[in-house]
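A.B. asks: Quick one: the structure is below, questions incoming.
The values are calculated or read from the model by the stated rules, or taken from the named source; none is laboratory data. Given the structure is predicted, the values throughout are model-derived calculations rather than measurements. Here the Cβ positions follow ideal geometry from the backbone for every residue, glycine too, while neighbour counts run over all protein chains shown. SASA here: full protein model, heavy atoms, side chains in, ligands and nucleic acids out. Shrake-Rupley method; radii C 1.70, N 1.55, O 1.52, S 1.80 Å.
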Amino acid sequence: MAKASPQFTCTECGAAHKKWAGKCDACGAWNSIVEEAPLSTGPASKTLGAAKGRRIELSTLAADEAPPPRTRSGMIEFDRVLGGGLVPASAILVGGDPGIGKSTLLLQAVANFARSGLKCLYISGEEASAQVRMRAGRLGLSEAPVQLGAETNLRNILTTLEAERPDLVVIDSIQTMWADMVEAAPGSVSQVRAAAHELVTFAKTRGVSVILVGHVTKEGQIAGPRVVEHMVDTVLYFEGERGHQFRILRAVKNRFGPASEIGVFEMTGAGLAEVANPSALFLSERGQAAPGSAVFAGIEGTRPVLTEIQALVAPSSLASPRRTVVGLDSGRVSTILAVLESRCGIPFTGLDVFLNVAGGMKVLEPAADLALAAALLSAREDVALPPDLVIFGEISLSAALRPVGQAENRLKEAEKLGFSQAIAPQGTKVEGGAGMRLRKLPDLVTFVGDMFGAG
Ligand SMILES: [Zn+2]
């Protein structure tokens with residue numbers, strides 16, 4: 001068998017490369033490629049056809065199986081993101097920046113699952129048991145029947161799980177786990193993959209649910225959670241800004257429920273508190289009607305969420321003016337700036353543009369296009385939009401406004417929060433009600449004329 005040549009792997013996305021490069025072609029990350037011992041390719045002399053395998057059991061499509069029984073933690077926001085509760089034998093990855101509160105969230109969740117009758121284990125490779133116990137005390141969870149372990153050796157963990165047979169185990173974090181059959185340092189791509197594979201396989205064969213914690217890393221030496229995303233059933237990301245008390249748990253993949261569902265939490269002294277009405281929260285910091293602010297009626301997963309999009313437009317001293325975008329897709333922003341410039345004749349050359357979503361929320365729906373354009377125009381013209389107005393709609397490259405889904409839910413949520421007028425694309429299938437004046441516009445040019453006068 002030929003000796004395998006050294007292999008280079010991206011620690012961000014796990015892509016394999018033939019040689020080292022500064023930038024990963026697969027995901028675009030810089031300085032993320034490291035050399036790794038190649039995985040064994042197995043005996044090369046035999047083809048698969050040489051020896052017969054076992055015949056697998058086949059079944060028809062008609063088999064009507066009941067949906068998997070789910071266990072609810074009682075944390076409504078957490079259960080929703082999981083798709084309605086925890087599915088037995090499922091593997092879940094919870095990723096997020098270090099220090100964002102993943103351990104706090106999971107300790108609260110696991111304590112709740114334990115209280116609702118599941119046998120729960122919490123394995124920490126990051127902290128000693130005493131530290132986890134101290135956190136549990138701070139969160140008022142000391143009485144919850146969770147069993148605690150501090151270990152990084154995967155072999156010992158699997159032996160323990162085999163003996164204990166819990167319903168749910170939390171591994172905090174996957175980057176600290178170490179499988180002794182892999183010759184690589186803990187945290188490397190091959191270790192993280194091997195450990196995740198072992199744990200997920202264990203979950204599937206023994207009917208144990210596994211939650212893996214994965215830190216989003218900035219340095220290249222430690223593999224990030226994206227490396228194991230494809231191995232698990234559900235991928236959740238815990239987002240938020242450190243300065244802000246709001247945290248958002250977002251499902252980016254879910255075999256057992258809708259993806260893009262979000263759960264909203266507030267970081268308090270006693271842990272994470274659930275936020276039942278995120279719209280009110282995201283709009284709570286909104287002051288008097290100011291230029292550059294537009295309220296977008298969005299949908300996150302299955303529920304409507306209102307957010308404030310803020311823009312600032314200022315003369316630039318730079319040859320290529322700044323385009324600073326937080327919480328929105330910057331590609332989308334460039335497209336809308338180009339449409340405003342070439343279809344509506346409103347140039348942004350020589351102007352710095354800053355865009356932000358209030359409250360640390362991320363808005364990635366194309367339905368936010370019109371609200372985004374409205375915030376930009378309002379900032380540029382220095383004219384405030386009516387404070388009781390919500391906006392939604394997609395903008396095409398021809399500047400036409402395209403209707404978006406769930407218009408009725410968007411309007412209902414807006415009305416509930418005291419908004420009384422809305423602008424939506426022509427072709428939107430709902431009508432305004434008594435408490436909501438709905439204007440439907442065909443294109444961006446009409447919108448500009450309507451809101452800011454001709455020119
Ligand atoms: Zn990559």
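A.B. asks: Quick check: from the Cα gyration tensor, does region 60-210 come out rounded (a/c under 1.5), prolate or oblate?
C.D. replies: oblate
A.B. asks: Helix 189-206 versus the longest principal axis of the chain: what angle, 0 to 90°, nearest 10, using Cα atoms?
C.D. replies: 80
A.B. asks: Pull the list of the chain cysteines that no other Cys approaches to under 4.7 Å, Cβ to Cβ.
C.D. replies: Cys120, Cys344
A.B. asks: Angle between the Cα long axis of helix 330-344 and the longest principal axis of the chain, 0 to 90 degrees, nearest 10?
C.D. replies: Taking Cα atoms only, the helix is inclined about 20 degrees.
A.B. asks: Can you tell me the relative contact order of region 156-230? Whole percent, Cα pairs under 8 Å, sequence separation 6 or more.
C.D. replies: 35
A.B. asks: Shape call for region 244-308 from the C-alpha gyration tensor, a ≥ b ≥ c root eigenvalues: rounded (a/c under 1.5), prolate (a/b greater than b/c) or oblate?
C.D. replies: Oblate is the answer for region 244-308, as a/c is 1.5 or above yet b/c matches or exceeds a/b.
A.B. asks: At a 1.4 Å probe, what is the % contribution of carbon and sulfur to the accessible area of the chain?
C.D. replies: Here it works out to 53 percent.
A.B. asks: What is region 343-455's relative contact order, in percent, from Cα pairs under 8 angstrom and six or more apart in sequence?
C.D. replies: Averaging sequence separation for qualifying contacts and normalising by length gives 24 percent for region 343-455.
A.B. asks: Under the Karplus relation 6.51 cos²θ - 1.76 cosθ + 1.60, θ = phi - 60°, what is the ordered set of whole-Hz ³J(HN,Hα) values for region 376-385, x standing for Gly and Pro?
C.D. replies: 4, 5, 4, 5, 5, 8, 6, 10, 6, 7
A.B. asks: Give the cross-link partners of Lys18 among the lysines, using a straight C-alpha distance below 16 Å as the criterion and excluding same-chain residues fewer than 8 apart.
C.D. replies: Lys3
A.B. asks: Let me ask you something else. Using Cα atoms only, what is the angle between the long axis of helix 102-115 and the major principal axis of the chain, expressed in degrees (0 to 90) to the nearest 10?
C.D. replies: Roughly 70 degrees between the two axes.
A.B. asks: May I pose another question? Between Arg323 and residues 5 or more places away or on another chain, which pairs have amide H atoms under 5 Å apart, with H built 1.01 Å from N, and which residues are they?
C.D. replies: For Arg323, the qualifying residues are Val353.
A.B. asks: May I pose another question? State, as an integer percentage, the relative contact order of the chain based on alpha-carbon contacts under 8 Å between residues 6 or more apart.
C.D. replies: Relative contact order here is 12 percent.
A.B. asks: How much accessible area per residue does the chain have, in Å², with a 1.4 Å probe?
C.D. replies: For the chain, the solvent-accessible area averages 48 Å² per residue.
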